[in-house]
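Worksheet for the structure shown next.
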Amino acid sequence: MPFDALKRQADQAYDACTKAVATSPAALRYQYQLGRAAQFKDKKKAFEIFSRLVQANYAAAFDNLGGMYFYDRKDAATAITLFKGGSALDDADSMVSLVDLIDKGLVPTTNPEQTKLALLHPAAELGHSGAQARIRTGAAKS
């Protein structure tokens, strides 16, 4: 579910995901979805869930936890580390988040355009619509 839609249905999503985790506590996907819903209800719980999932190398959680570090805790260095970790696990959202931080000048690189394209192409191949659009429109170039 897209983040904006999730925000509008956070209460229902949180309840449904809580039940799913109770039914299948070992299913990391359910824990991840609970973490996403918790971002709108209980940020501390979301942070704890994503931290555990990162410890378990659940790729999608790297971008969510990185976003929490960047936006909520104002810790760009930890966010970058997490986005790089998610990118190494082929998480398209982490790749695009790194591109965004390159655009902001927060990720030092000798060739920003080449680095961004090296992140956007695999993200696009993984189906990330934002990466696909940036490549299509040439928006990878700052």
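What follows is calculated from the coordinates using simple rules that are stated; it is not laboratory data. Bear in mind the structure is a predicted one, so any value in this text is a computation, not a measurement. All Cβ positions, glycine included, derive from the backbone under ideal geometry; neighbour counts span all protein chains shown.
Considering helices alone, the calculated mean residue ellipticity of the chain at 222 nm is -21500 deg cm²/dmol, with DSSP H runs of length four and up weighted by -39500 (n - 2.57) and normalised per residue.
Projecting the Cα atoms of Ala13, Gln31, Asn57 onto the charge dipole of the chain (Cβ charges, centred on the Cα centre) puts Ala13 farthest toward the positive pole. Phi angles of region 113-122 translate, via the Karplus equation with coefficients 6.51, -1.76, 1.60 and θ = phi - 60°, into HN-Hα couplings of 5, 5, 5, 4, 5, 5, 8, 5, 4, x Hz per residue; Gly and Pro are given as x.
Scalar couplings 3J(HN,Hα) for region 28-39, obtained by applying the Karplus form with A = 6.51, B = -1.76, C = 1.60 to θ = phi - 60°, are 4, 4, 5, 4, 4, 5, 5, x, 4, 5, 5, 4 Hz; x denotes Gly and Pro.
Loop sites here are trypsin sites (Lys or Arg not before Pro) outside DSSP states H, G, I, E and B with no more than 15 other Cβ atoms within 10 Å. The longest part of the chain free of them is 1-40.
Taking 7 Å steps out from each Cα toward its Cβ at Ala76 and Asn111 produces label points 2.4 nm apart.
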